[in-house]
Amino acid sequence: MSFTRRELPTIILTACGVLMLLAFFTPFVAFTTIKGTLTAWTIVISATSTWLGFAYMSYAQYRMLQRNPVLTQKIYFVTPFAFFLLFLVVGVSFPGDVSSPQYLWLLSSIYQQVGATVYAVMFFTLASSAYRTFTVASTEAVALLLGGTIYMLRQIPLFPAFAPWLVPLGEWILLVPNVGGGRGAVICAALAALVVGIRTLWGREITMVEV
Amino acid sequence: MNFWEILGAWVGAFFVISVMTMLWKDNPYFRFGQQAIIGGTIAHYVLFNMKNVINMALIPISKGHVILIVPFILGLLMYTRLFRDYAWISKYPTSVLVGVGIGVMIAGTLRGQIIDQIKATVVDIFTAGTAYDALNGVIIAVGTVTAITFWIFTREHTGALGASAKIGRIFLMVSLGANWAGEEVWYLTQMIGRLIFLIEVFIKGTLLGIA
Amino acid sequence: MSKEEKGSITMWEKLGNIDYRWLYALSLVLMIIPILNPLGLPTIVSEPTKGFYNAIVDLPPGSVVAVSFQGSLALLDEQEAQFIATWKILFQHEMKVIFYSPESDGEIILNDHLGKIVKPEDYGRVYGVDYVRLGYAPLGEPGEAAFSTNIRGVFPTDIHGTALDQIPMMKDINDHTGIDLVIFQHTACTSVEWPIRQWVVPYNMKCITMTLGCCGPMAAPYYPKQILGFLSGSGMGTELEVLSGNPGPGAVMSDAKNFGVLGLLLFLVLGNLSYLGKRFGGKE
Amino acid sequence: MMIRIGTYFDLILLIVLVAASWYYMNKALRGEKLPGLRKIPAIDAIMEGVGRSIEANKPVHYAMGASGGQLYSTLVSMTLTAIAMLRHISRLCARLGARLIVHMPYQAESIPLIEATAREGYLEEGKPEMFRLEDLRYYGQGSLTWSQGITSSFAQEGVGLNLEVGIFYSDCPISLEMAKIMGGLNVGGTGRWIMVYAFAMMCDYVFLGEEIYAAGAIVSENPLMMSGIIIEEVGKFFVFLLIAIGLILAAIGLDMGTIFSY
């Protein structure tokens with residue numbers, strides 16, 4: 001039982017990973033074909049599993065209603081299912097399915113608007129966090145304040161119009177110190193990701209082995 | 001404006017304002033909008049993925065590409081998670097996904113995020129056309145190396161390592177500031193986009209009929 | 001992180017602890033003013049935008065440009081100016097364009113743009129001869145790699161279901177060798193690295209990218225060596241509009257941005273006054 | 001040729017890391033002592049946050065990003081690290097008796113791994129009855145619905161500790177700031193450098209960039225995982241070596257651009 005529950009999945013994982021690496025490092029067509037097949041498989045596997053999310057959402061909604069069966073909670077319970085059905089029905093009922101004008105209308109009226117508004121709201125959340133943290137409290141904080149403010153002003157048309165030096169300075173910050181620091185960060189995170197990857201292929205990553 | 005455009009503006013404005021009220025405080029209007037969106041986005045996700053399953057698995061299978069039944073079944077095995085006694089079977093599709101993912105990750109990370117970054121750090125200094133560019137190359141190299149020393153965990157940050165890590169932190173803070181500025185200005189654009197929608201389309205176009 | 005001091009609340013502390021909602025309200029009001037009454041301030045074009053523009057216009061007419069267009073409905077405000085200006089430049093300079101989308105949103109946006117805002121027919125461009133739309137496939141990075149080696153493996157047909165072999169423009173094109181320039185538009189910042197890994201490194205392709213404003217710092221390290229130019233955010237979209245002489249939605253944004261940021265700047269000043277006051281001013 | 005041109009340096013770096021992994025993981029397996037690690041304050045803050053949540057009778061929130069369940073992309077390692085952190089926080093909550101709410105990413109294929117890890121934490125601590133399936137929240141695709149959902153959860157159920165580790169795009173600025181405004185203790189980080197600024201500005205304790213990987217290993221209390229940090233260090237010294245050799249060779253006139261292309 002332990003073999004089918006632990007060792008075999010690990011063997012499959014390692015085999016998939018090694019085949020992908022062989023396709024990368026060697027010029028043999030056979031590996032490239034296998035890589036193409038495996039990649040297509042991942043898309044099918046993940047697409048097939050989509051309804052799991054719906055199942056978990058439904059269960060959480062149901063339990064919340066059970067715990068608090070008042071009218072407002074009942075409305076909150078029904079709403080996601082009503083909109084789920086609305087999108088689903090419109091998405092499959094008209095010619096063109098999800099490309100039909102009816103579905104696109106739903107998307108642009110609700111999905112696009114809410115999506116854009118959530119990003120818009122972040123302007124405020126970032127502003128209040130800057131109010132809290134962009135102070136001249138230490139050398140590091142000053143670096144954060146200067147890097148942030150100068151590059152921000154560079155992107156606002158008004159300021160470079162009055163202070164043209166903001167353009168080269170803003171770009172210098174973006175292309176020199178930002179690249180230096182960012183590059184170090186990218187290299188370190190990449191090394192760490194590689195180590196996790198190697199450990200997982202080795203069958204030693206506890207997050208994959210234990211569950 | 002035709003009927004659908006007007007209705008779209010009303011529905012859009014309803015949801016835009018619902019999200020914005022979140023900044024004031026939690027309220028039933030926001031919560032209703034939020035529940036509606038959950039339903040809508042899950043349906044959207046399900047619809048597109050079902051289309052993938054049909055196009056990338058079911059249709060090819062019906063045309064004789066029977067091998068695609070394997071990823072389809074693997075996808076279905078994900079649902080064993082819903083049944084306590086068979087939940088472990090979901091480890092198989094997960095292993096295929098993670099195996100492929102790690103193969104893709106290692107192949108992509110080695111060159112793009114490490115070797116190419118090292119190459120750029122070295123080459124930029126010596127291929128610079130002007131002394132100014134060469135100096136910038138040196139600054140980037142210093143930033144890269146000192147930033148990496150910030151993430152050395154096996155030595156205490158004292159002495160030369162401490163000084164280097166401190167310089168690295170300053171580079172990192174400038175980089176963080178620049179990242180903040182990039183996002184903040186983007187979100188500002190989003191906020192303005194929503195306001196333009198509310199003012200030009202909803203208020204002027206729909207309510208006042210002057211657009 | 002600031003720790004609250006014990007004792008009575010000074011003016012400096014009050015200055016550092018203003019309810020955030022005042023900041024929100026002030027910014028909102030400042031943004032609305034120029035929307036109601038636009039100002040029309042000048043724009044300065046940056047180097048990466050020039051690189052982006054030149055990468056297209058330096059190609060001879062009839063060159064093949066592949067556009068990997070992810071798009072995002074929710075992020076249109078940030079990028080629509082870039083998109084529209086780019087489509088116009090591509091058609092004005094008589095490029096042969098292959099559009100494909102690794103996300104469903106891309107197709108929805110293209111339907112709208114090519115159907116209403118930038119009609120290729122208005123530029124004398126003919127479907128199947130001068131441009132082609134391959135539609136949507138959930139590519140991801142491995143899929144992009146597959147596209148560069150075998151287009152028909154990923155898109156056997158175009159968006160109308162016509163086999164690629166039956167489309168005049170696509171007859172001799174099936175991989176990177178038939179493409180002169182890649183325009184890569186993805187909304188995730190790390191995706192900036194995809195074309196570099198999958199197009200530039202293996203095949204030394206010419207590549208330019210369109211990203212969000214926040215992704216500019218991510219694209220910058222690769223410019224101008226690996227990518228010839230990039231656009232990040234609506235600001236650089238406005239710059240491209242100015243550079244190419246195609247006015248569009250970017251200009252409207254610029255004015256409101258100028259004002260909208262003032263509230264934030266005021267609060268940054270107040271935050272620092274509060275800090276300095278607490279540090280050097282002492283208690284009242 | 002057996003090896004594709006353009007991957008030589010990649011292969012050398014991979015061999016160095018595999019060799020280091022072999023050496024240090026075997027050392028760890030034999031129970032030999034590994035070099036000590038510098039402290040990461042955010043790790044202790046997690047414990048403090050769980051304690052504060054219990055005192056205030058508020059739940060602990062764990063999030064790995066709206067798009068944090070990527071299993072077959074280049075970010076898979078970050079997903080696995082977020083799972084390692086989930087393993088830690090679920091055990092901690094089970095042990096100390098705090099309620100844990102997990103805000104799941106939209107990738108449905110990652111749900112089995114997430115549920116298994118969260119449930120396992122409670123089982124390991126001998127309190128399977130404390131695990132509540134309804135506290136695994138799912139919000140559909142995109143940061144819009146996720147940000148709203150998590151904010152709504154903070155407002156309705158309260159927030160003690162808000163731990164966010166994993167792959168973050170533009171989803172963290174709302175959840176982190178809202179947790180902060182509603183009085184929660186924010187701890188978190190991401191390996192995606194572009195979003196680290198949000199954590200640095202909004203968190204009480206932050207894992208800066210690569211620190212999430214180190215933290216994921218340290219909290220596992222497993223010597224094999226911890227040896228990973230030493231292996232990374234070997235990688236860093238190899239990077240320094242390559243930069244130094246590259247600079248010297250470029251200085252004497254070699255075309256390093258071409259050499260590094262092999």
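Based on alpha-carbon atoms, the Kirkwood radius and the radius of gyration of the range D:65-142 give Rg/Rh equal to 0.97.
Considering every residue in C:189-197, what mean count of other chain Cβ atoms within 10 Å of its Cβ is obtained?
Mean partner shielding for this stretch: 5.
Using a 4.7 Å Cβ-Cβ cutoff, the cysteines of chain C lacking any partner cysteine are C:C207, C:C214. What percentage of all Cα-Cα pairs in the range D:1-127 are separated by more than 17 Å? Within the range D:1-127, distances greater than 17 Å cover 70 percent of Cα pairs. Pairwise Cα separations in the range C:184-284 fall into 10 Å bins from 0 onward with the following percentages, short to long: 14, 29, 24, 16, 11, 4, 1. Using the beta-carbon distance between C:E94 and C:K50 and R0 = 25 Å, what value does 1/(1 + (r/R0)^6) give for FRET efficiency, to the nearest 0.05? Once rounded, the FRET efficiency stands at 0.75. Here the Kirkwood formula, the inverse mean of 1/r across different C-alpha pairs, assigns the protein assembly as shown a hydrodynamic radius of 28.4 Å. Site pair B:R84 and A:I34 shows an inter-label distance of 4.0 nm when each label is modelled 7 Å from Cα along Cα→Cβ. Near D:L185, the amide H atoms lying under 5 Å from its own belong to D:L161, D:N162; only residues 5 or more places off or on other chains count, and H is placed 1.01 Å from N.
Against the longest principal axis of chain D, how steep is helix D:223-251, in degrees 0 to 90 to the nearest 10, with axes from Cα atoms? On a 0 to 90 degree scale, this one is about 40. Listed by chain and number, the lysines placed with their C-alpha closer than 16 angstrom to that of C:K96 are C:K88, C:K119, C:K171, C:K206; residues fewer than eight positions away on the same chain are left out.
With 40 Å² as the minimum drop in accessible area between chain alone and full protein complex (1.4 Å probe), the qualifying residues in the range D:208-249 are D:L208, D:E210, D:Y213, D:L224, D:M225, D:E232, D:E233, D:K236, D:V239, D:F240, D:I243, D:L247.
Each peptide among D:230-239, A:159-168, A:73-82 gets the average number of other Cβ atoms lying within 10 Å of its residues, and from highest to lowest they stand as D:230-239, A:73-82, A:159-168. For the pair the range B:139-211 and the range A:109-140, the centres of their Cα atoms are 10 angstrom apart.
Between A:F162 and A:S100, the simple spin-label model (points 7 angstrom out along Cα→Cβ) gives 5.5 nm. Counting only residues at least eight positions apart within a chain, or on another chain, the aspartates and glutamates with an alpha carbon under 20 Å from that of B:K166 are A:E140, B:E156, D:E210, D:E211, D:E233. Computed from the C-beta positions of B:Y29 and B:M1, the FRET efficiency with R₀ = 30 Å rounds to 0.75. Modelled this way, with points 7 Å down the Cα-to-C-beta line, the labels at C:L36 and D:R95 are 5.9 nm from one another. Remark: the range D:103-111, residue by residue, has Karplus-estimated 3J(HN,Hα) of 9, 7, x, 6, 5, 4, 5, 8, 4 Hz, where x stands for each Gly or Pro and the curve is 6.51 cos²θ - 1.76 cosθ + 1.60 at θ = phi - 60°. Per residue, the Cα convex hull of chain B amounts to 319 Å³.
Which shape class applies to the range A:1-67: rounded if a/c is under 1.5, otherwise prolate when a/b exceeds b/c and oblate if not, where a ≥ b ≥ c are the square roots of the Cα gyration tensor eigenvalues? Verdict is oblate for the range A:1-67. Listed values for the range B:64-72 are Karplus-derived 3J(HN,Hα) couplings in whole Hz (6.51 cos²θ - 1.76 cosθ + 1.60, θ = phi - 60°), namely x, 7, 5, 4, 5, 5, 5, x, 5, and x replaces Gly and Pro.
What does the average come to when, for each residue of peptide A:21-32, you count the partner chain Cβ atoms lying within 10 Å of its Cβ?
Whole-number average of other-chain Cβ neighbours for A:21-32 is 5.
Interface size, chains B and D: roughly 5800 Å² of accessible area buried, both sides included, 1.4 Å probe, rounded to the nearest 100.
When each of the peptides C:243-250, D:188-195, A:200-207, B:38-45 is scored by how many other beta carbons lie within 10 Å of its residues on average, the order from highest to lowest is D:188-195, B:38-45, A:200-207, C:243-250. Taken as Cα centroids, the range D:19-73 and the range C:144-177 sit 46 Å apart, rounded to the nearest whole angstrom. A Förster distance of 51 Å, applied to the separation of the beta-carbon atoms of B:D133 and D:D44, puts the FRET efficiency at 0.70.
Normalised Debye scattering of chain A at q = 0.13, 0.17 Å⁻¹ gives log10 I(q)/I(0) of -1.19, -1.12, counting only Cα atoms as equal scatterers and leaving out solvent. Annotation for the B:A interface, with buried accessible surface near 9600 Å², both sides summed [1.4 Å probe; non-protein components not counted]. Dimensions of the range D:1-41 based on its C-alpha atoms, expressed as ranges along the principal axes with the largest first, amount to 45, 28, 10 Å.
Measuring nothing but alpha carbons in the range B:1-64 and taking Rh as the Kirkwood radius, the Rg to Rh ratio lands at 1.25. Counting only other chain Cβ atoms within 10 Å of each residue's Cβ, the peptide D:198-207 averages 4. Based on every Cα atom in the range A:122-211, Rg and the maximum pairwise Cα distance Dmax equal 19.6, 61 Å. Where only DSSP H runs of four or more residues are counted, chain C gives -12500 deg cm²/dmol as its mean residue ellipticity at 222 nm, each run worth -39500 (n - 2.57). If you take the square roots of the eigenvalues of the alpha-carbon gyration tensor of the range B:87-211 and sort them as a ≥ b ≥ c, do you get rounded (a/c under 1.5), prolate (a/b over b/c) or oblate? Judged from the Cα gyration tensor, the range B:87-211 comes out oblate (a/c at least 1.5, b/c at or above a/b). At q = 0.09, 0.13 Å⁻¹, what log₁₀ I(q)/I(0) does the range C:47-248 have when each alpha carbon counts as one equal point scatterer in the Debye sum? For the range C:47-248 at q = 0.09, 0.13 Å⁻¹, log10 I(q)/I(0) is -0.28, -0.62. Centroid-to-centroid, using Cα positions, the range A:42-70 and the range D:98-175 are 13 Å apart. Compactness check for the range C:164-210: Cα Rg over 2.2 N^0.38 Å is 1.31. Of all lysines in the structure, the ones whose alpha carbon falls short of 21 Å from that of D:K127, not counting any fewer than 8 places away in one chain, are D:K58. Plainly put, the range B:34-147 has a radius of gyration that is 1.27 times its Kirkwood radius, both from alpha-carbon atoms, as the Rg/Rh ratio. One chain, two ends: A:V18 and A:V136. Fully extended at 0.36 nm per residue, the span grows by 37.4 nm beyond their Cα-Cα distance. Taking the three principal axes of the alpha carbon atoms in chain D, the coordinate ranges are 65, 43, 33 Å, sorted in descending order. Per residue, the accessible area of chain D comes to 30 Å² when a 1.4 Å probe rolls over the protein heavy atoms. When accessible surface is computed with a 1.4 Å probe, chains D and A are found to bury approximately 5700 Å² between them, both chains counted.
The values are calculated or read from the model by the stated rules, or taken from the named source; none is laboratory data. What you see is a predicted model; the values in this text were computed from it and never measured. Neighbour counts are summed over all protein chains in view; Cβ atoms, including those assigned to glycine, are modelled from backbone coordinates with ideal geometry. We work out accessible area using only protein heavy atoms, side chains counted, and drop any ligands, DNA or RNA first. Shrake-Rupley method; radii C 1.70, N 1.55, O 1.52, S 1.80 Å.
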